[in-house]
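Following: one structure in C-alpha cells, then a few remarks.
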Amino acid sequence: MNDNGDRQGYWYGLESRKRMGAVDVLNALRDYRTAEAEMRRRTRASMGMGETDLLALRYLLEAEQAGRDVGPKELAVRLGLTSASITSLVDRLVRSGYVTREPHPTDRRALILRPSAGSDQEVRGTLGDMHARMMEVAGTLSEQDSAAVVDFLRRMRRAIDGMAT
C-alpha cells in the first residue's frame, strides 16, 4: 500500500501504472475473496464443520430444494473425494445430526443422503444476515451494472479455469 492508501499489489510492477484501474479491480476482488474466506471460516467454526463438510451440506441442501435425490457416489464425484473419504465425511455429518441416510426406493443396495431439517435452519440462521446484506448491496446495481458485473465475473472464472477466449 502506498501513502494514498492505494496498493500496487505484488504482481503489478511499475509498468502497470497505466492500468491502475485494472489493478484496483483485482485488488478489490482479492479483498472480497479474503473477506469471504474469513466469513466461511467463521461459519465452519460456529457449526463445528470442516470446509468439505460444509460444501457437502450445501450441495445436499440445494439438491433437496430442487427435489433431487443424492447418493454418496454422486456426492463423492461432486466433491472430488474417494469412496473411503466420502464414507468418513457422511459418517461425520450423520453423527453431528446434519444428514440422514435413507434407503433408496428402488435400489436396495443404494442410499440417499438427506439434510436434516435442523441443518437447513442452522445454515439459514448462521448465514441469513450475511446473505441479506449481500443481496442489499447487489440490489443497488442497475440492470446494466448488474449485467456488467456478471459478465466480468464469468470472464474472470474462465480466465482462472484456463478457458478464456
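The values are calculated or read from the model by the stated rules, or taken from the named source; none is laboratory data. Computed from a predicted structure; not experimentally measured. Don't worry about glycine lacking a Cβ; one is built from the backbone with ideal geometry, like all the others, and counts go over all protein chains shown.
Here are the numbers for this structure:
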quantity	calculated
Residue among R158, R109 that is free of Cβ contacts under 8 Å to residues at least 12 places away in the same chain, under 30 Å from D69 (Cα atoms) and part of a loop (DSSP other than H, G, I, E, B)	R109
Count of residues meeting criterion [touching a Ser or Thr at 6+ places or on another chain (Cβ under 7 Å) and of a type outside the set (A, V, I, L, M, F, W, C)] in region 108-165	3
Test: residue in region 21-34 that is at pLDDT 90 or above, part of a strand (DSSP E or B) and among the aliphatic types (A, V, I, L, M)	no
Scope region 108-151; condition hydroxyl-bearing (S, T, Y) and surrounded by 11 or more Cβ atoms within 10 Å (Cβ to Cβ); matching residues	S116, S119, T126, S146
Conditions (1) over 20 Å from the mean Cα position of the chain (by Cα); (2) part of a helix (DSSP H, G or I); (3) within 13 Å of M47 (Cβ to Cβ): number failed by D145	(3)
